[in-house]
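Visitor: The structure that follows is given in the form of structure tokens.
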């Protein structure tokens, strides 16, 4: 597709323009470049990539996490993580079991009815659970289970891998490039950034997380109904002599009231809140930080009183809390890749491969189909 007449050197021609520089945008951009799309370009509004969500992740890979379509993507990502690690010479996953703990009758019922049937989960006695995390107080603990195959993930390393792959395949990355115009241009789209630069692209992929609905509106397309939620994380100081080890599990309240895991010589904690907010630079709330310390203190022997640092990220969900991929019939070539929620890192390898295939009209890769990853489960057309 040629540049627009009269624009001079301010118009460019690209096979695809990916909007959004987090793990979603970077991973799908790399997959599209690997599929042979010519002159791919990625645009990021911020001065740096992965500012809002990717770098603020709890950084875990948890088999059985999320609704069934997300669990399928997590399972399908495992072998792809291994292949990426071999290619990069760097392990992006490191073992850290996840310990689910139930402290109320309702949590115990949820554990038995919703968590244990998932498959990769093993029930533990109270004593076994305390043996796994000695900081737990046994008296209030009613039930527990462990996901042995869970892992810590390396979100920044994974993002860097996809970025290097994209650049090596001829991809162009532009930061400080907020999109202010998006509309049809011939059989493709014209993307205009705040500095007046116009780019023509055969395909556009909106992978901008919480900002995706705004970009759809800019193009005159109906929104998906994405909702961004704030999630607060703090690094708490561990009191001297506390029974915390560097290889302790990632411990999660069954009702998702809190979670905790080792972070160097400290403890990462969160109240697991989901506070709806407008797209933006999420900031931690002091009350949420205090709530995280309080909830962990209620069920452990840890007297957590201070934090080293705290931050907040945005987790963006579609109404059915499942990934949304593809274009609508009335806007062919304007694709969405959004709604990863809290699973953007752990699903990234499989989700990017799925999205690239759907965007290019190709069959879902065989390794993904073996894990019940089928395009229809994730297509934007399911929510028309």
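The values are calculated or read from the model by the stated rules, or taken from the named source; none is laboratory data. Predicted model, so just to flag it, every value in this text is computed and none were measured. No Cβ is skipped: glycine too gets one built from the backbone with ideal geometry, and neighbour counts run over all protein chains shown.
Visitor: For residue 199, are the conditions met, namely being in the same structural domain as residue 343 (by TED's automatic domain parsing) and outside any strand (DSSP E or B)?
Guide: Against the criterion (in the same structural domain as residue 343 (by TED's automatic domain parsing) and outside any strand (DSSP E or B)), residue 199 does not qualify.
Visitor: Of all the residues that make up region 239-278, how many are outside any strand (DSSP E or B) and under 30 Å from residue 209 (Cα atoms)?
Guide: 13
Visitor: Tell me whether region 266-274 contains one or more residues that are under 17 Å from residue 98 (Cα atoms), without any contact (Cβ under 8 Å) to a residue 40 or more places away in the chain and in contact with a helix residue (DSSP H, G or I) (Cβ under 6 Å, 6 or more places away or on another chain). First the steps, then the outcome.
Guide: Going residue by residue through region 266-274, those that are under 17 Å from residue 98 (Cα atoms) are 267-272.
This time we only want the ones that are without any contact (Cβ under 8 Å) to a residue 40 or more places away in the chain, so: 267, 269, 271.
From what is left, the residues that are in contact with a helix residue (DSSP H, G or I) (Cβ under 6 Å, 6 or more places away or on another chain) are 269, 271.
Checking region 266-274: at least one residue is under 17 Å from residue 98 (Cα atoms), without any contact (Cβ under 8 Å) to a residue 40 or more places away in the chain and in contact with a helix residue (DSSP H, G or I) (Cβ under 6 Å, 6 or more places away or on another chain).
Visitor: Name the strands (runs of 3 or more DSSP E) wholly within region 106-178 that hold at least 3 residues that are without any contact (Cβ under 8 Å) to a residue 12 or more places away in the chain and within 25 Å of residue 245 (Cα to Cα)?
Guide: Qualifying strands (runs of 3 or more DSSP E): none found.
Visitor: Which condition breaks for residue 330 when tested against (1) part of a loop (DSSP other than H, G, I, E, B); (2) within 30 Å of residue 238 (Cβ to Cβ)?
Guide: Tallying (1) part of a loop (DSSP other than H, G, I, E, B); (2) within 30 Å of residue 238 (Cβ to Cβ), residue 330 fails exactly one: (2).
Visitor: Any residue that is touching a helix residue (DSSP H, G or I) at 6+ places or on another chain (Cβ under 6 Å) and closer than 30 Å to residue 130 by Cα - is there at least one of those in region 320-338?
Guide: No, there is no match, as no residue in region 320-338 is touching a helix residue (DSSP H, G or I) at 6+ places or on another chain (Cβ under 6 Å) and closer than 30 Å to residue 130 by Cα.
Visitor: If you check residue 119 against the conditions, is it surrounded by fewer than 15 Cβ atoms within 10 Å (Cβ to Cβ), on the phi > 0 side of the Ramachandran plot and not assigned by TED's automatic domain parsing to the domain that holds residue 241?
Guide: In short, no.
One line per residue, one yes/no per condition, for (1) within 21 Å of the chain's Cα centre (by Cα); (2) at pLDDT 95 or above; (3) in a strand (DSSP E or B):
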position	(1), (2), (3)
5	no, no, no
16	no, yes, yes
29	yes, yes, no
38	no, yes, no
52	yes, no, no
